[in-house]
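**Student:** After the structure tokens below, expect a handful of questions from me.
The values are calculated or read from the model by the stated rules, or taken from the named source; none is laboratory data. Fair warning: this is a prediction, and the values are worked out from it, not measured in the lab. Please note: Cβ atoms are built from the backbone with ideal geometry, for glycine as well, and neighbour counts cover all protein chains shown. The protein model used for the area step is the full one, side chains on, heavy atoms only, and it has no ligands, DNA or RNA in it. Shrake-Rupley method; radii C 1.70, N 1.55, O 1.52, S 1.80 Å.
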Amino acid sequence: MQVSSLNEVKIYSLSAGRSLPEWLSDRKKRALQKKDVDIRRRIELIQDFEMPTVSTKIKVSRDGQYIMAVGTYKPRVRCFDTYQLSQKFERCLDSEVVTFEILSDDYSKIVFLQCGRFVEFHSQHGHYYRTRIPKFGRDFSYHYPSCDLYFVGASSEVYRLNLEQGRFLNSLQTEASESNVCDINPVHFLFAMGTAEGKVECWDPRTRNRVGLLDCALSSVTADTEIEGLPSISALKFDGALNMAVGTSTGQVLLYDLRSSNPLIVKDHHYGLPIKSVQFQHQLDLIISADSRIIKMWNKDTGKIFTSMEPEHDINDVCLYPNSGMLMTANEAPKMSIYYIPVLGPAPKWCSFLDNLTEELEENPESTVYDDYKFVTRKDLENLGLAHLIGSSLLRAYMHGFFMDIRLYHKAKMMANPFAYEEYRREKIRQKIEETRAQRVQLKKLPKVNKELALKLIEEEGEEQQISKKRKQKNLPNLLKDDRFKVMFENPDFQVDEQSEEFRLLNPLVSKISEKRKRKLKILEELEAQGQEEEEEPEGKASDAESSESSDDEKGWVEEVRKQRKLLRQEEKLKRQERLKEDQQTLLKPQFFEIKEGEEFRSFKDSAKKQKLMKKTLEDRLKLEEKLGTLNVSDTTVGSKQATFKLKKSEQQRKQQEAEKQHRQERKSLRRSASHLKSRRGRGRLFH
């Protein structure tokens, strides 16, 4: 059994752990349980609570004794008896089940809507009757007062099948092209259907007329949501006489009051996946919505998240056991999941032992493996003087640090800092003294950084408190008490530069206002140094600083701006003069450029010639290259032009070619002289 906690809500997964194969003998099962701790500790609440491959739908009978589930492969339905904690029967079907409904209090009357447009009826003994509907169905609902089945699917019509008369009745003609889901209100029996266009149509079964239309696709689009495509309705559920929850294919859940066309709450799952199921939990006023990835529980009045679950496998359906804290899911896996959440309610009467089990677990929590180890970084090891242990068996490398035994860590910490307990004791004493001082009248302690800004915020807060008391309004949050802006009054990097150009232009009256605050700062610092308490002034009397200064009018503001601009110009002029003096004092040194090997320096005019050549048109450049002999243009037999280019040779290549040519000439001359000598020697031998 796995235990998880989110928002301090404990969730017990009763189906977690390994399952044993059916073909194992009892002897081998007992042997495995002795060897494997996980198998021995697992809880098998209902025996063989699984499907061969995938489970698609799961429901509970009205008497709470039977749990029905359908899945594949092969298509089948399984019934589990909760009183016996085991499977009661299994029936195989001809095609996959889209959805099903239990019409009786027990398992004696069941209706299955199948993929091949078939509607199959089962009684207590097994298969009873089978019929077909004109179009492929996606969902259906049972109207108890008239014994009518309402089928919706890939059609604009809602097909009605009367089970008392055993025949089809006149269909309801809707404006939708297709319908996905439907539901009937359990109080006043209003029939509602969700369409592929993102609308909900409400019909009165007594008059067979449409009485309402909700555009949920338009209402689901808010400022915080990003939607791709038109949202269609994928889930629908009534709660009482007036409330209705609608799930869309883009991952939003809308809660409606039937008396209004606007939703009360729009909740986004932020996964962009279709909502598979919507359930109501009345004990805590929660809505349980699920897509294929996550199950979210949230308050239907405020929309605040209560808790959430992310199973290992994709979710197909969610079923809440009535009047309990048990939750069951049909997954894209053989095993169906069972969760127990004690906060939602007690365990069902057929498994009441779960309450005692969870209470014992909460009283005696098991320590995890990581409680005996301490995670330390390389810097922590250096501070403790244990860096030489890296690579030994005492440290286990993990991510950016190491795991070490908690006992070794405490010993090393005591040796590295033997006075740690004394420091901890002094810190606790100081905190206690500060708590007692908080009851006294204290001076206004200003932060070390941005003291003037802090004083301004304190003054504004006092003024806002007086205004809010008069108007009986709530006080606005203060920046000094907000943790998000705490660094602005602690880190010197955030100090406001009052000499900057932006500050002086955007705050033209800052000089006069800052003088007033500086006087107050001096008074506060003197009081802090002397340890005196600040006395409050009597009502109706203003201080000298406040009475001496008043807010400037528009004329004074314009003059202050002009004055600041004039000062900025003068400062800029002085800076330019200083830069000119520095430039005059610096001596310009000649720069030398290195020419690549094999190149000759001609003049700086070559670059200018190249620039002029590049400015010319293509025709002029081609004519110039024809004159130089690097381009040859000729007509072909087909009638087109053929251009032949000769690449320009660099100076190094030209020298190399000349050297090769000279070398070839020297070799030719040597060969000629050698052949001449041979011929002369031959003639001399003939004469002898």
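**Student:** Distance in nm between label sites at Leu628 and Ala31, each 7 Å beyond Cα in the beta-carbon direction?
**Tutor:** In this crude spin-label approximation the distance works out to 9.3 nm.
**Student:** Subtract the Cα-Cα distance of His143 and Asn491 from 0.36 nm times their separation in residues, and report this length gain in nm to one decimal. It would help to have the intermediate numbers written out before the result.
**Tutor:** Numbers: separation 348, 0.36 × 348 = 125.28 nm, distance 6.87 nm.
Once the chain is fully extended between His143 and Asn491, it gains 118.4 nm.
**Student:** Of all alpha-carbon pairs in the stretch 373-416, indicate the percentage at a distance above 12 angstrom.
**Tutor:** On the way: 517 of 946 pairs.
Tail of the P(r) past 12 Å holds 55 percent of the pairs.
**Student:** Output the peptides 80-86, 419-425 sorted from most to least packed, where packing is the average of other Cβ atoms within 10 Å over each peptide's residues.
**Tutor:** By packing density, highest mean first, the sequence is 80-86, 419-425.
**Student:** Could the peptides 166-176, 275-285, 125-135, 241-251 be put in order, highest first, of the mean number of other beta-carbon atoms found within 10 Å of their residues? Walk me through the intermediate numbers first.
**Tutor:** Numbers: 166-176: 14.1, 275-285: 18.2, 125-135: 12.5, 241-251: 22.5.
Highest to lowest by the protection proxy: 241-251, 275-285, 166-176, 125-135.
**Student:** Please give, to one decimal in nm, the separation of the simple spin-label points placed at Arg208 and Val561, each 7 Å out from Cα toward the Cβ.
**Tutor:** Distance between label points: 7.6 nm.
**Student:** State whether the stretch 115-167 is rounded, prolate or oblate according to the following rule on the C-alpha gyration tensor (a ≥ b ≥ c being the square roots of its eigenvalues): a/c under 1.5 gives rounded; otherwise a/b larger than b/c gives prolate, and the remaining case gives oblate.
**Tutor:** It is oblate, given that a/c is not under 1.5 and a/b is not larger than b/c.
**Student:** Would you mind calculating the relative contact order of the stretch 2-363 from Cα pairs under 8 angstrom and at least 6 residues apart, reporting the percent as a whole number? All intermediate terms of the calculation are to be shown ahead of the outcome.
**Tutor:** Details: 871 pairs, mean separation 44.3, N = 362.
Relative CO of the stretch 2-363 lands at 12 percent.
**Student:** Report the gain in length on full extension from Glu582 to Lys10: 0.36 nm times residue separation, minus Cα-Cα distance, nm rounded to one decimal. Show your work: numbers first, answer last.
**Tutor:** Working: separation 572, 0.36 × 572 = 205.92 nm, distance 7.31 nm.
The Glu582-Lys10 span can extend by a further 198.6 nm.
**Student:** Accessible area per residue of the stretch 373-416 at 1.4 Å probe, in Å²? Can you show the working numbers first?
**Tutor:** Numbers: 3270 Å² over 44 residues.
In whole numbers, the stretch 373-416 has 74 Å² accessible per residue.
**Student:** At 25 °C and 0.890 mPa s, what whole-number value in µm²/s does Stokes-Einstein give for the translational diffusion of the stretch 2-363, with Rh from the Kirkwood sum over Cα pairs? Can you show the working numbers first?
**Tutor:** Values: Rh = 21.6 Å.
The Stokes-Einstein estimate is 114 µm²/s.
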